[in-house]
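Q: Sharing a structure with you now.
The values are calculated or read from the model by the stated rules, or taken from the named source; none is laboratory data. Not measured: the values here are computed from a predicted model. Neighbour counts run over all protein chains shown; Cβ positions are idealised from the backbone, glycine included.
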Amino acid sequence: MKLDLSIIESNLETQLIGRPQGSTNELWQTIDSTNTRALSLAKEGASAGVIVLAESQTAGRGRFGRSWVSPPGAGLYMSVLLRPESLQANLPLLTIASGLAVARAVDFSVGIKLGLKWVNDLVFAGRKVGGILAELQRQQPQDQMSTASRSSINQAIVIGIGINISSKDIDLPSELSDKAGWLEEIVQGNVDRNVLVSQIAYELEQVLELLLSNQTLAILNAWRKYSATLGERVRALIGNDTVEGLAIDITDSGALIIQTRGGMQELHAGEVSIKKSDGSYC
Ligand code: BTN
């Protein structure tokens, strides 16, 4: 089924996300990137809560400058504009929290428990099913801002969410075919993306409220339950060093704690590979 904004909006159980004051949600048939669009809406002063969706992207972006293959009908491509007040201290946790929100949304609306590979990759049976790209809109220098925008516009953050839905109508690049997982293949049935979008909006709002009220332990504990990383042997790059060890926990700020032969190491940014039973990493 095609994405339909009126269906999504009528299903929303949120106060903020998908209900931006004075701005409108957008659905594009094709766009370069929903994140790029949401960032430019932020620059134009759009309100918090705007959702940008697309049936396909021509320049979908992933983390670390990678591209995100986004053909029509194959995925969910969604960005949400946030302007969180007083979140500075908990900003690193927003990444953890967004992954958790999407995992919960898939769990409750599709009935599949995806795992979270630190920091917020969504995985199933060692295959990547989704990912999140959080991007910060740099604040304009004070002297270039009007008094009105200085007082009313908070720093913007765009949460970009990509979820693989179905590969049946697409020719997958070979580097993806053995690494990617698809929701409809996992559930062996149809996934209603309209329902999924409203559920993501709801779950995102829930974690945002927890963060804004400093209930970070609730986020960390829920993330631990969905984790596909803790208790696994992992490999990661810290600075120029490749570190291998056992992922044992996350810190209060969301860093991954790895027990290596040389002692404990904390990973604050980057990504990890998980060791499979055949000794290879995925
Ligand atoms: C990752 O590398 O795991 C993050 C992928 C994020 C992809 C989504 S699709 C919707 C939004 N628009 C983009 O250009 N990227 C994000």
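Q: Between 228, 180, 236, 222, which is in contact with a helix residue (DSSP H, G or I) (Cβ under 8 Å, 6 or more places away or on another chain), aliphatic (A, V, I, L, M), closer than 29 Å to residue 70 by Cβ and surrounded by 14 or more Cβ atoms within 10 Å (Cβ to Cβ)? Show your work before the answer.
A: Numbers: 228 fails: in contact with a helix residue (DSSP H, G or I) (Cβ under 8 Å, 6 or more places away or on another chain); 180 fails: in contact with a helix residue (DSSP H, G or I) (Cβ under 8 Å, 6 or more places away or on another chain); 236 fails: in contact with a helix residue (DSSP H, G or I) (Cβ under 8 Å, 6 or more places away or on another chain).
After ruling out the rest, the residue left standing is 222.
Q: Can you name the condition, by its number, that residue 4 falls short on among (1) surrounded by fewer than 16 Cβ atoms within 10 Å (Cβ to Cβ); (2) modelled with pLDDT under 95?
A: The single condition residue 4 does not satisfy is (2).
Q: Give me the residue from segment 73-82 that is under 16 Å from the mean Cα position of the chain (by Cα) and more than 9 Å from the ligand (Cβ to nearest atom) and, out of that set, surrounded by the fewest Cβ atoms within 10 Å (Cβ to Cβ). Walk me through how you get there before you give the answer.
A: Restricting attention to segment 73-82, the residues satisfying the condition of being under 16 Å from the mean Cα position of the chain (by Cα) are 75-82.
Then keep just the ones that are more than 9 Å from the ligand (Cβ to nearest atom); that gives 80-82.
Numbers: 80: 32, 81: 26, 82: 24.
Here the residue is 82.
Q: Does residue 98 qualify as being buried (at least 23 other Cβ atoms within 10 Å of the Cβ) and either aromatic (Phe, Trp, Tyr) or more than 10 Å from the ligand (Cβ to nearest atom) (or both)?
A: Numbers: buried (at least 23 other Cβ atoms within 10 Å of the Cβ): yes; either aromatic (Phe, Trp, Tyr) or more than 10 Å from the ligand (Cβ to nearest atom) (or both): yes.
Judged against the criteria, residue 98 is a match.
Q: Within segment 7-44, track down each residue that is small (Gly, Ala, Ser), surrounded by fewer than 22 Cβ atoms within 10 Å (Cβ to Cβ) and either under 24 Å from residue 105 (Cα atoms) or in contact with a helix residue (DSSP H, G or I) (Cβ under 9 Å, 6 or more places away or on another chain) (or both).
A: Within segment 7-44, the first condition is being small (Gly, Ala, Ser), and the residues that meet it are 10, 18, 22-23, 33, 38, 40, 42.
Remaining after also requiring surrounded by fewer than 22 Cβ atoms within 10 Å (Cβ to Cβ): 10, 22-23, 40.
10, 23 - these are the residues of segment 7-44 that are small (Gly, Ala, Ser), surrounded by fewer than 22 Cβ atoms within 10 Å (Cβ to Cβ) and either under 24 Å from residue 105 (Cα atoms) or in contact with a helix residue (DSSP H, G or I) (Cβ under 9 Å, 6 or more places away or on another chain) (or both).
Q: Checking the conditions here, which among 220, 204, 208 is within 17 Å of the chain's Cα centre (by Cα) and within 30 Å of residue 170 (Cβ to Cβ)?
A: On the way: 220 fails: within 30 Å of residue 170 (Cβ to Cβ); 208 fails: within 30 Å of residue 170 (Cβ to Cβ).
Going through 220, 204, 208 in turn, just one is within 17 Å of the chain's Cα centre (by Cα) and within 30 Å of residue 170 (Cβ to Cβ): 204.
Q: Next question, about the same structure. Out of all the residues in segment 94-102, is one or more more than 28 Å from residue 190 (Cβ to Cβ) and modelled with pLDDT of 95 or more?
A: So in segment 94-102, the residues more than 28 Å from residue 190 (Cβ to Cβ) come out as 94-97.
From what's left, modelled with pLDDT of 95 or more: 97.
Yes, some residue in segment 94-102 is more than 28 Å from residue 190 (Cβ to Cβ) and modelled with pLDDT of 95 or more.
Q: Please list, ordered by first then second residue, the pairs with beta carbon atoms under 7 Å, 6 or more apart or interchain, first in segment 112-133 and modelled with pLDDT under 95, second within 7 Å of the ligand (Cβ to nearest atom) and in a strand (DSSP E or B).
A: If the second residue must be within 7 Å of the ligand (Cβ to nearest atom) and in a strand (DSSP E or B), the pairs left are 120/132.
Q: Looking at (1) within 11 Å of the ligand (Cβ to nearest atom); (2) of a type outside the set (Asp, Glu); (3) closer than 17 Å to residue 201 by Cα; (4) touching a Ser or Thr at 6+ places or on another chain (Cβ under 6 Å), which is the only condition residue 70 fails?
A: For residue 70, the failing item is (3).
Q: Ok, one more. For segment 247-255, does any single residue satisfy the condition of being in contact with a His (Cβ under 9 Å, 6 or more places away or on another chain) and surrounded by 18 or more Cβ atoms within 10 Å (Cβ to Cβ)?
A: Yes, segment 247-255 contains a residue that is in contact with a His (Cβ under 9 Å, 6 or more places away or on another chain) and surrounded by 18 or more Cβ atoms within 10 Å (Cβ to Cβ).
Q: For residue 106, work out the one condition from (1) under 24 Å from residue 181 (Cα atoms); (2) in contact (Cβ under 8 Å) with a residue 24 or more places away in the chain; (3) surrounded by fewer than 24 Cβ atoms within 10 Å (Cβ to Cβ); (4) within 16 Å of the ligand (Cβ to nearest atom) it doesn't fulfil.
A: Unmet condition: (3).
Q: Next question. Taking the condition surrounded by fewer than 21 Cβ atoms within 10 Å (Cβ to Cβ), hydroxyl-bearing (Ser, Thr, Tyr) and touching a Lys or Arg at 6+ places or on another chain (Cβ under 9 Å), does residue 47 pass?
A: Numbers: surrounded by fewer than 21 Cβ atoms within 10 Å (Cβ to Cβ): yes; hydroxyl-bearing (Ser, Thr, Tyr): yes; touching a Lys or Arg at 6+ places or on another chain (Cβ under 9 Å): yes.
Taking the combined requirement at face value, the residue satisfies it.
Q: Looking at segment 10-54, which of its residues are touching a residue at least 60 places away in the same chain (Cβ under 8 Å) and in a helix (DSSP H, G or I)?
A: Hits for segment 10-54 are 11, 34, 35, 38, 39, 42, 43.
Q: Quick check on my filter: what residues within segment 33-60 are out of contact with any strand residue (DSSP E or B) (no Cβ under 6 Å at 6 or more places or on another chain) and near the ligand (Cβ under 9 Å from one of its atoms)?
A: Passing the criteria: 36, 59, 60.
Q: Return yes or no: is residue 80 touching a helix residue (DSSP H, G or I) at 6+ places or on another chain (Cβ under 8 Å), in a strand (DSSP E or B) and without any contact (Cβ under 8 Å) to a residue 40 or more places away in the chain?
A: Details: touching a helix residue (DSSP H, G or I) at 6+ places or on another chain (Cβ under 8 Å): yes; in a strand (DSSP E or B): yes; without any contact (Cβ under 8 Å) to a residue 40 or more places away in the chain: no.
Against the criterion (touching a helix residue (DSSP H, G or I) at 6+ places or on another chain (Cβ under 8 Å), in a strand (DSSP E or B) and without any contact (Cβ under 8 Å) to a residue 40 or more places away in the chain), residue 80 does not qualify.
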